[in-house]
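A short worksheet on the structure shown next.
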Amino acid sequence: MCSFKTNVFFGVIIYSMSSRTILEKKQFLVAIDRLCYELIERHADFSNTALIGLQPRGIYFSRRIHKRLSEITANDKILYGELDIAFYRDDFRRGKEQILPSKLNINFTVENKKIVLIDDVLYTGRTIRSALDALTDFGRPSKVELMVLIDRRYSRDLPIQPDYTGISVDTRANDKVKVEWKENAKQDLALIVTS
Amino acid sequence: MSTFSKKHLLGIKDITSDDIELVFETADNFKAIINRPIKKVPSLRDITVANIFFENSTRTRISFELAQKRLSADIVNFSASSSSVSKGETLIDTVNNILAMKVDMVVMRHPAPGACVFLSQHIGANIINAGDGTHEHPTQALLDAFSIREKLGSVRGKKVAIVGDITHSRVALSNIYALKKLGAEVMVCGPTTLMPKYIGSLGVKVEHDLMKALNWCDVANMLRIQLERQDNKYFPSLREYSMLYGLNKERLDKLDKEIVIMHPGPINRGVEITSDVADSKHSIILNQVENGVAVRMAVMFLLAGQG
């Protein structure tokens, strides 16, 4: 638990928030290992299964899962792709920020495959809804499952639930869940930031 | 990534190199989308676009229309010949009437240079210039530069020769702006009668000998001779133009390197370019057409996404 006090500088509040760590380096490894074994339980040899990470933030998690799963199963042929959902979002022209696409990388057909969608944080469920739309434009999967590292419970706008969860947390609407990865922020760390 | 800096795409002159890069990065995604079995995304499903063409067009119009359909936009098409313009209605009245039917974006081609700028001062919808007289044709320049980037890896440092009717070509002007902003070297080549007097002020090299231009360049963009815009005779005959400035296989074979051949279309086969060159493996003319849809999807997606 670390916290920041309110600093008043020339009468302006410049920082007022506290943060709580929910996952650290070792717990990341344990969670990723456990999720890989859960996948193996349900998918056996992965001959008809593909893992798909969601751009932009889910890909660090999905790449770790794919790498670890390949190591554990000694199978380097597990299909892996990365899906961008920018063109399918339901808040296009509704937010202040311009929506920009990220790189799409799916070099296989999803027709009749079992797909595991992988994202870092599940919150309102709107990203996953967009991802389901985006995915069906690549074909008709026989089954779609959802894996998330962090499930923010009781905060869904849509009826969407994960099949594999790293950790479930209870948060308030104005909390932010922040996930950092060695690949983009030097360390593996998940925080709840309360403002 | 940054965001697109303008509300309209009126010309390449007033957008930044970052804007152009943003269009390219977005177009990369759309190119992947239009090459898969399901070529459509729902992004613009609540947007209505009016395609207003006061001049004939095949390629640009179909390209825009396909791009709009692949973005799930609703479309109204309008061409001057079949409209009330022939009854004397003014441009603003025509467009305001269309906008009154709740149109969010206007793609316009008009014979008068500056028509889109004029329109942007009077109406609220996003405007995309699809060619205004002899002034600019920004989406053509974007797709040309995108095609060079795709073929050669990048535009920066590449030598591009634009050959033909520079005076009457909006493609030439927009291409010069785009290529210069992306760091390419540009040369224009053509007879003196088809060369604007102050072309040098745009920072381009000027050459009147086609072979010298071909020996210098990595990419040759062969422009169409625009007979419809030429009231006077600018050269004695098409045959003579073709002898001096037409690109044929003998000329290409004399070069000690391979160059990329482009043409914005429609081709006058046997005038500015011969069939064997236009259909050769050096030509990326059909890639340009394919990229046109992806680039126009990117432009409309970015403009519409500003809300």
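The values are calculated or read from the model by the stated rules, or taken from the named source; none is laboratory data. Note that the coordinates shown come from a computational prediction; the quantities given were computed from them, not determined experimentally. Glycine gets a Cβ as well: all are built from the backbone with ideal geometry, and neighbour counts include every protein chain shown.
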> How many residues does region B:1-17 contain that are in contact (Cβ under 8 Å) with a residue 60 or more places away in the chain and facing chain A (nearest Cβ under 8 Å)?
Replying inline: 2
> So which of A:Arg129, A:Arg156 ends up being surrounded by 15 or more Cβ atoms within 10 Å (Cβ to Cβ), within 14 Å of chain B (Cβ to nearest Cβ) and among the basic types (Lys, Arg)?
Replying inline: A:Arg129
> Out of (1) outside the structural domain of B:Asp46 (by TED's automatic domain parsing); (2) crowded, with 24+ Cβ neighbours inside 10 Å, what's the single condition that is false for B:Gly131?
Replying inline: (1)
> Does region B:137-170 hold any residues that are modelled with pLDDT under 95 and under 23 Å from B:Leu303 (Cβ atoms), and which are they?
Replying inline: B:Arg170
> B:Ile62 passes all but one of (1) within 11 Å of another protein chain (Cβ to nearest Cβ); (2) surrounded by fewer than 15 Cβ atoms within 10 Å (Cβ to Cβ); (3) aliphatic (A, V, I, L, M); which number fails?
Replying inline: (1)
> From the set of residues in region B:18-34 that are within 11 Å of chain A (Cβ to nearest Cβ) and either within 14 Å of B:Asn287 (Cβ to Cβ) or acidic (Asp, Glu) (or both), which is surrounded by the fewest Cβ atoms within 10 Å (Cβ to Cβ)?
Replying inline: B:Glu25
>> When you check B:Ser72 against the structure, is it in contact with an Asp or Glu (Cβ under 7 Å, 6 or more places away or on another chain) and more than 8 Å from chain A (Cβ to nearest Cβ), yes or no?
In response: no
> If you check B:Ala172, B:Ala220, B:Ala178, which single one turns out to be under 26 Å from B:Pro111 (Cβ atoms), in the same structural domain as B:Ser147 (by TED's automatic domain parsing) and touching a strand residue (DSSP E or B) at 6+ places or on another chain (Cβ under 8 Å)?
Replying inline: B:Ala172
> Looking at region A:85-119, which of its residues are surrounded by 22 or more Cβ atoms within 10 Å (Cβ to Cβ) and farther than 25 Å from B:Ala298 by Cα?
Replying inline: A:Val110, A:Ile115, A:Val116, A:Leu117, A:Ile118, A:Asp119
>> If B:Cys217 meets every condition in (1) surrounded by 18 or more Cβ atoms within 10 Å (Cβ to Cβ); (2) within 14 Å of chain A (Cβ to nearest Cβ); (3) not acidic (Asp, Glu) apart from one, which number is that one?
In response: (2)
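Yes/no matrix, rows are residues, columns are (1) within 23 Å of the chain's Cα centre (by Cα); (2) more than 26 Å from B:Lys181 (Cα to Cα):
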site: B:Glu55; (1), (2): yes, yes
site: B:Leu66; (1), (2): yes, yes
site: B:Leu99; (1), (2): no, yes
site: B:Met105; (1), (2): yes, yes
site: B:Cys116; (1), (2): yes, no
site: B:Arg149; (1), (2): yes, no
site: B:Gly153; (1), (2): yes, no
site: B:Lys159; (1), (2): yes, no
> For region B:41-59, how many residues meet the condition of being crowded, with 16+ Cβ neighbours inside 10 Å and either in contact with a Ser or Thr (Cβ under 9 Å, 6 or more places away or on another chain) or more than 14 Å from chain A (Cβ to nearest Cβ) (or both)?
Replying inline: 12
> Of all residues in region A:166-189, how many are part of a strand (DSSP E or B) and touching a helix residue (DSSP H, G or I) at 6+ places or on another chain (Cβ under 8 Å)?
Replying inline: 4
